[in-house]
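First the structure, in the form of structure tokens, and then the observations on it.
The values are calculated or read from the model by the stated rules, or taken from the named source; none is laboratory data. Treat the numbers as computed from the prediction; the structure is a model and nothing was measured. Here the Cβ positions follow ideal geometry from the backbone for every residue, glycine too, while neighbour counts run over all protein chains shown. Protein only, heavy atoms only, side chains kept; ligands, DNA and RNA dropped before computing areas. Shrake-Rupley method; radii C 1.70, N 1.55, O 1.52, S 1.80 Å.
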Amino acid sequence: MSTKVIIDCDPGLDDALNLFMAFGDGVDIDILGIVAVAGNVGLAKTERNTRLLCEIAGRSDIPVFAGCDAPLNYPLATAEEVHGGEGLEGIEIFQPKMPLQSQNGVEFIIETLRSAEEHSVTLVPTGPLTNIAAAIIQAPDIIPKIKEIVLMGGALREGGNITPSAEFNIYVDPHAAQIVFDSDIPKIVFGLDVTHQVLVSTEVMSRIQAIGNPVSDAAYNLLKSYNVFDSDKYGEDGAPLHDPCTIAYVLKPDLFKLKACNIRVEADSPITRGHTAVDFWHATDLPRTSHWAYEVDRDGFFNLLIELLETYS
Ligand code: RIB
Ligand code: CA
């Protein structure tokens, strides 16, 4: 039975690769809808980019919604320096033909979950957790309908990428992250500790370049831009492929090593806002509702990425 999924994203260069993986031909995922959130760039661009990516991949059949345009409490912080002013540096930006759904994205999440079977829908957020938290606040009755939340966010052993102690998605909306992490919803969490193990090396770029279909070409050009900023920042060969760890897990969970932990979020400290306190060594008796990813089969991950990009040929 296909995994029923709602993707929530802020494209965003790595969000784009995650969507291309999820859209791959023959992929056993039933995408109920995609909800855009403000994050890497503002909501007007993340929702447009989501529709643009659907059209590039020939998936205009998937309904795209706009969710929240700002975090629950803080003003929006964006990351144009990483993703470009339009959020998809490296490819031509066009106005998609497919329409944006008129229903608000948070309403879509609530309505879809209310009509779903118990524990049947996987949420895959790869941006700030604003939409997910807003849905939980407005409709706590949806919680039993969620199978698990497979999210990109947080850091334990890796330093932060937006402040010394915080990863971007959690930093942008730490109050939303608190609601998600404090809930008893099962979470699979891909933080910088594991995403920094999947850097897009020159060798991987050559493999992608050799595929030669419109989607792999778009992926190559997006990654070329993405590598510039992060390679300089980290002094590594290639940028970390953060968001694609989520769909890679949905498709091949055995690629990753996970540990059940409690994770709490600092929301208000001016120094550590957005910090994820991952209780990896079980120093507390707090409920271990998260599975923290700490290791990945790097070759298996990139083989999966290449395989999925090849399905568009
Ligand atoms: O810290 C990395 C995360 O922030 C990724 O989801 C990237 O797209 C940005 O949203
Ligand atoms: Ca993202």
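Results, tabulated for the structure shown:
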| quantity | calculated |
| --- | --- |
| Proximal charge balance of W281 [Cβ under 15 Å; K/R count +1, D/E count -1] | +1 |
| Cα centroid of the stretch 111-177 to Cα centroid of the stretch 232-247, whole Å | 21 Å |
| For peptides 261-267, 43-49, sequence by mean Cβ density within 10 Å, most packed first | 43-49, 261-267 |
| Dipole of the chain [Lys/Arg +1, Asp/Glu -1 at C-beta], most positive-end residue of F23, G42, A283 | A283 |
| Carbon and sulfur %, accessible surface of the chain computed with the full protein complex present, 1.4 Å | 50 percent |
| Taking N as its residue count, the alpha carbon Rg of the chain over 2.2 N^0.38 Å | 0.90 |
| Heavy-atom surface of the chain, accessible at 1.4 Å and reported per residue (Å²) | 38 Å² |
